[in-house]
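Working notes for the structure below.
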Amino acid sequence: MLSPLILIQILWTSLATSSCFVLFALAFALVLKVNRIFNFAQAAVMTTAFYAAYTVVGLASGPGWAGLLAGVAGAVAMSAVLELFGFRALRRRQASSMFVFIFTLIVSELISYVAMLIYGTWPATIFPSLFWPVTLVGTIAVSQWDLMALGGTAVVLAATFAFLRWSRTGQSMTAVADNPDLAEFYGIARDRVFLAAMLLSGLIAGFSMFLYGTRAQVQPGSAIELLLFAVAATIIGGIGNLAGAVVAAFVLAIIQNGSVLFIPSEWQGFLLYAFLFLAIVLFPRGVRLPQRKRLVRRTPAPALGPAES
Amino acid sequence: MPGHPDARRSFALTRRAALGGLGMIGVGGLARGARAEQEPLRFGLAMPLTGGQATYGQDQVRAAQWGLDAVNAADGVNGRKLAAIVLDTQADAQTGIQAVNRLVSVEKVPVFVTAWSEVVKAVAPIANDGKIVELSVGANSPEIARLGDYVYTTFPLADVDITAVAEYSATKLGKKRAAVLYINNETGITAAQVYRDTFTKAGGQIVAYEAYDPKATDWTGQILKVRLATPDIIHIQGLVADTPQLIAQLRQLGLTQPISSYSAVYNPKLIQQLGAAANGVIATSLAPGTEDSPAVKAYVERWQKEVGRPPNGLPYTQYLYDAPFLVAAVLKSLDSAKKPITGENFRAEMLGIRSFDLPLTGKLVINPNHTVKKPVYLMEVKNGAWSELAVVS
Amino acid sequence: MEYLYTLAILMALYVILAASFNFVIGYGGLISIAHPVFYAIGAYASALLARDAGWPIPLAIVAGALVALLASILVAVPSVRISGDYLLIASIGFQLGVLEAIKNIGWTGGAGGLTNIPALLAPGSNHAIYVALTIAVAIATVVLLRWISRGPYGRAMSAMRDDELAFAALGRNALAMKVAIFALGSGLAGLAGGLYAHYFRFLAPGQFDILQSAALLTMVVVGGLRSTWGPILGAIVLEALPQAITFLDLPPSLLGPLQGILFTGLVLIFMFARPQGLIPAGDIWRGRKAMATDARRA
């Protein structure tokens, strides 16, 4: 059962199929880190991306690259709308995080109903066929989709981390994530950074949703379920830790798939929640949520020496 | 009051009547007494018109409407028209309860038709308490046979078609080693057990028996286990949302064995999604196909002409087309014997008649143990199209 | 009549749920969305005790509520200790995990649901009795919660909500208070669950998922957080509205999604136009900080 070939195959295929989820987790973790929002509305972004791509390729028979563009554009647009008309307004009113959370849930539901209205509920894929050609490397089956997914994911991951590290906006994001008030002191426009983070998250989510939709069927309500995995990975990986979320997503996916070799397959679905629960219980220090640090007003210390005059 | 309402619009009209009924119960009583001769006989139809299952539900309701029209175009019920009160259940327990409550206590129908296991189970107490007959048409959970005195199914429950395909694989196809992949929910678990029991009883051996999570999108682990076990046939018990991907992954990981499944995968879209990989897939169907019955052929052609596509879940729609015929037959019998039309009498009469000849699904025999047995049609994908492999009685 | 009885019973149960949820998230300031899971735990526990262990039903219902209460303490204690926000994650995980477990365990009926649950009322008796019972429990719940939140305990809750650090500095135990609030709210949800189970006599895990959480959140938000009448109004309106829409005779392909769009749209409009809800909190005990925020918002 544990022959190396089997393990390699599981490793390979899990790596490939987890790529979408890794990107979902990255998008979610980014918004959580910078904007400090549990962005369940990412499901709305993902749904928009899928159906935009589906319209171009599945319904209008456009080429694949056009579908990809449409998907990403749709996702970015939806993210922009969410930030400009939703989160920004809520921020102005100093809405509590509970309020914002409810908002994200409701928006996701709204978009799924709109999708249901326009596209119906039948499962759909972006391309009419979900069969991808396979080549055998030794005895390991490598599908063309696997290569496409892993390649694309690697590019997106590299680009994102490079952006965060070396570009002005990216660095601003990190600054705002650390201490928003202080960052403003340095002339960083917070609102613009929040928008940038949402747009980047939308880009990542849109790309990965396109990938997902070329391999699996999607219904209007699918995105919320896909998002749950991303949320779990983000939490287990450490809130505020993007690399942690990415690694956690990979590891979780591989473990979930490999688990059927060791535990009865009925419990596979339960595994995710078990991990989540363990993460919560075993990190008593808290996988701490970033607190809004209040600016400490320092009063000037009274002069203790003799007065000057 | 104009003459008999146009049959095709009777649906919408009766619905309006149902909806206005609540407010007009008091006023209408007097007027109704005077028009008793022309008033149609009614039964309930509680199906998912909205929500996630609506794609199936709406087609099934349309089929029932066509059946109803055909019943009325013939003799109706000894000259009286038959009408259906259609309410939405969203395939959800709570909504279903509300809908059936309306049917039973407001509309006071003697019988209602419903589908989807969750709804069928949730409304069973209402049917039993109110002594109204509940006809489950399409749900296949074996538990339906044990839901109470007033709950009957006209659609064979899970054991029927799975037993047929398991036995056929073991005996006619000569398969000795079967692998079972099933979705980890009620449909999957119970049906997989039926397959396992039948296959082993027929002399075969189950070499792999793996569940998968309903939310899974990657089945590599299970598939590799199956591959290791070297089966000569693989049976999949999943849903229309995941089975195509599962089959695709099976083929991609190098498994070339024939694949069998049940009626959920029997639709033309599967072939489109899998291309050549769909060849050899066997599915069950619990209703005769276009090759078996000219009536079915005409029915499918009518769908193509009037709606522009084949129906979603063709066999299920056939059963719903036939439901009004069954109801009409029982009501006719009650009417001829001058018995009052109540749920209790309907039940007794239905069990008395017991055997019905229905246009699109053939002969139906309702057993006292609340089950029915029907021939199972095994369909196979050959050269990019579904064709009939065998008929198992 | 049966139709109206069922509607009334559902409204009463949702009033209990909305009021207790309001207590937890509004008065207690605890961010949790797992309220439906305690509803489920109470329902399943009561149903199983009555059906399989032969307990008399009233006893089973009370036991169900207690099981829900104990379960909530199990969730709250580890997670509240760290930070209030953390409860959100724990509650999501707990809800999904419990539902997953129910689907996998055979004796809960699994994913297909639990059938043949014994009824509280003898067959043939008038269901109006049950309506009266649930309405009575709903009224009692609302009165109890109002009494608590208007009294000295309510003052303490408000203080804890406003500034937990200062609260602790005054020698009060914030942790114990949070757990107590969570436990009471969840226990009431469990009670509602038991009442549900022995009337409708069928339970399925799908009835208690995230969509239910969203529905409850909607009721509380649209009704008005931290007000007494708010959740009541929210529960009644949001139960009656879908039924009313079904009388509009819309074509089916439009009805379903439109209903959903109408609802979520309504909530969004409310959240932006009137964030304090239909009935704004008549807070007696709000701190200066909250008053200042209100002034800014106005």
- Item | Leading residue at positive end of dipole, segment A:1-158 (Cβ point charges), from A:143, A:100, A:61 | A:100
- Task: Obtain the nm distance between the two label points defined at residue B:146 and residue A:11 by a simple spin-label model: each point lies 7 Å from its Cα along the Cα-to-C-beta direction.
- Result: 4.7
- Item | Rounded FRET efficiency, nearest 0.05, which uses the C-beta distance separating residue A:85 from residue B:393 and R0 of 51 Å | 0.25
- Hey, what did segment B:31-135 get for relative contact order, percent, Cα under 8 Å, at least 6 apart? 32
- Which residues make up the longest stretch of chain A that has no chymotrypsin sites (Phe, Trp or Tyr not before Pro) in a DSSP loop with at most 16 other Cβ atoms within 10 Å? A:1-185
- Can you give the average number of partner chain beta-carbon atoms within 10 Å of each beta-carbon in peptide C:200-206, as a whole number? 6
- Item | Tail fraction, Cα-Cα pairs, segment C:16-118, threshold 22 Å, whole percent | 34
- 3J(HN,Hα) from dihedral phi, segment A:224-237, Karplus parametrisation 6.51/-1.76/1.60, rounded to Hz, x for glycine, proline: 4, 5, 4, 5, 4, 4, 4, 5, 4, 5, 4, 5, 5, x
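So what's Rg/Rh here for the protein assembly as shown, counting alpha carbon atoms and using the Kirkwood radius for Rh? Walk me through the intermediate numbers first.
Values: Rg = 29.7 Å, Rh = 30.2 Å.
Reported Rg/Rh, Kirkwood definition of Rh: 0.98.
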- Query: With all protein chains present, how much of the accessible area of chain C (probe radius 1.4 Å) comes from carbon and sulfur, to the nearest whole percent?
  - Reply: 71
- Query: Rounded to the nearest whole Å², what accessible area per residue is found for chain B with the 1.4 Å probe?
  - Reply: 36
- Message: Ignoring everything except DSSP H segments at least 4 long, calculate the 222 nm mean residue ellipticity for chain C; use -39,500 (n - 2.57) per segment, divide by total residues, nearest 500.
- Response: -24000 deg cm²/dmol
- For the pairs B:131/B:339; B:176/B:382; B:269/B:373, note any where the Cα-Cα span goes beyond 26 Å. B:269/B:373
- Query: What is the local net charge at residue A:217, summed over the other residues whose Cβ is closer than 15 Å to its Cβ (Lys, Arg +1; Asp, Glu -1)?
  - Reply: 0
- Message: 5 Å is the cut-off here: which amide hydrogens, built 1.01 Å from N in the peptide plane, fall below it relative to residue B:180, excluding neighbours closer than 5 in sequence?
- Response: B:208, B:209, B:210, B:235
- Message: With an 8 Å Cα cut-off and a minimum separation of 6 or more residues, compute the relative contact order for segment C:2-209 in percent.
- Response: 45
- Task: Sorted from largest down, give the three principal axis spans of the alpha carbons of segment C:108-203, whole angstrom values.
- Result: 58, 32, 15
- Solvent exposure of segment C:2-209 as accessible area per residue, Å², 1.4 Å probe: 34
- Could you size up the charge dipole of segment C:2-209 around its Cα centre, putting +1 on the beta carbon of Lys and Arg and -1 on that of Asp and Glu, and report it in debye to the nearest 20? 320
- Message: I'd like the per residue volume of the convex hull spanned by the Cα atoms of segment C:2-209, given in cubic angstrom.
- Response: 110
- Item | Within segment C:200-224: backbone nitrogen closer than 15 Å to the residue C:276 label point (7 Å, Cα to C-beta) | C:222-224
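For segment B:130-203, go through all pairs of different Cα atoms, get the mean of 1/r, take its inverse, and jot down that Kirkwood value in Å. Intermediate values should be presented prior to the final figure.
Working: mean 1/r = 0.0738 Å⁻¹.
So the Kirkwood estimate lands at 13.6 Å.
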- Item | For segment B:210-215, Karplus couplings with θ = phi - 60° (6.51, -1.76, 1.60), whole Hz, Gly/Pro x | 10, 9, 9, 5, x, 8
- Of all DSSP beta bridges in the protein assembly as shown, antiparallel share, percent nearest 5: 40
- Going highest first, how would you order B:282-288, C:171-177, A:220-226 by mean Cβ packing within 10 Å? B:282-288, A:220-226, C:171-177
- Grab the other residues whose beta carbon is less than 15 angstrom from that of residue B:255, score K and R as +1, D and E as -1, and report the net. +3
- Message: Give the lysines reachable from residue B:297 as a straight Cα distance under 19 Å; neighbours fewer than 8 places away on the same chain don't count.
- Response: B:305, B:363
- Message: When 1/r is averaged over all different Cα pairs and the result inverted, which Kirkwood radius in Å belongs to chain B?
- Response: 22.0
- Please compute the net charge surrounding residue B:41, taking Lys and Arg as +1 and Asp and Glu as -1 over other residues with Cβ under 10 Å from its Cβ. +2
- Task: Express the accessible area of segment A:144-222 per residue in Å², computed with a 1.4 Å probe while the remaining protein chains stay in the model.
- Result: 43
- Computed on alpha carbon atoms, what radius of gyration and Dmax characterise segment A:1-100, expressed in Å? 18.2, 59
- Cα gyration tensor, segment A:203-261 - rounded (a/c under 1.5), prolate or oblate: oblate
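Quick check on chain B: of the DSSP beta bridges with both residues there, what percent are antiparallel, nearest 5%?
DSSP beta bridges in chain B are roughly 35 percent antiparallel.
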- Give me the lysines in straight-line cross-link reach of residue B:172: C-alpha distance below 17 Å, same-chain residues under 8 apart excluded. B:201
- Gyration tensor verdict on segment A:88-244 (Cα atoms; rounded if a/c is under 1.5, prolate if a/b is larger than b/c, oblate otherwise): oblate
- Message: To the nearest 20 Debye, how big is the dipole of the protein assembly as shown about its Cα centre, given +1 on the beta carbon of each Lys and Arg and -1 on that of each Asp and Glu?
- Response: 2060
- Note on the structure: Extension length gain for residue A:182 and residue A:136 (0.36 nm per residue less Cα distance), in nm, is 11.1 nm
- Can you tell me what the convex hull of the Cα atoms of chain A projects to on average, as an area in nm²? 21.5
- Query: Once you sort the root eigenvalues of the Cα gyration tensor of segment B:30-124 as a ≥ b ≥ c, which label holds: rounded (a/c under 1.5), prolate (a/b larger than b/c) or oblate (the other case)?
  - Reply: oblate
- Task: Using only atoms on other chains, find how many Cβ atoms lie within 10 Å of each Cβ of peptide B:354-364 and report the average.
- Result: 0
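Leaving out ligands, DNA and RNA, what percent of the accessible area of chain A is carbon and sulfur, probe 1.4 Å? Provide the component values of the computation, followed by the final result.
On the way: 9170 of 13530 Å².
Looking at chain A in its full context, I get 68 percent from C and S.
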- Query: Between residue A:263 and residue B:256, how many nm apart are label points set 7 Å from Cα along the C-beta direction?
  - Reply: 3.7
- Taking both sides together, what accessible area is buried at the A/B interface, probe 1.4 Å, expressed in Å² and rounded to the nearest 100? 3100
- Message: Relative contact order for chain B: what percent, with Cα pairs under 8 Å and sequence separation of 6 or more?
- Response: 16
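The values are calculated or read from the model by the stated rules, or taken from the named source; none is laboratory data. Computed from a prediction, not measured in an experiment: that's the story for all the values here. Cβ coordinates were reconstructed from backbone atoms using ideal geometry, including for glycine residues, and neighbour counts include every protein chain displayed. Side chains are part of the model used for accessible areas, which takes the heavy atoms of the whole protein and leaves out ligands, DNA and RNA. Shrake-Rupley method; radii C 1.70, N 1.55, O 1.52, S 1.80 Å.
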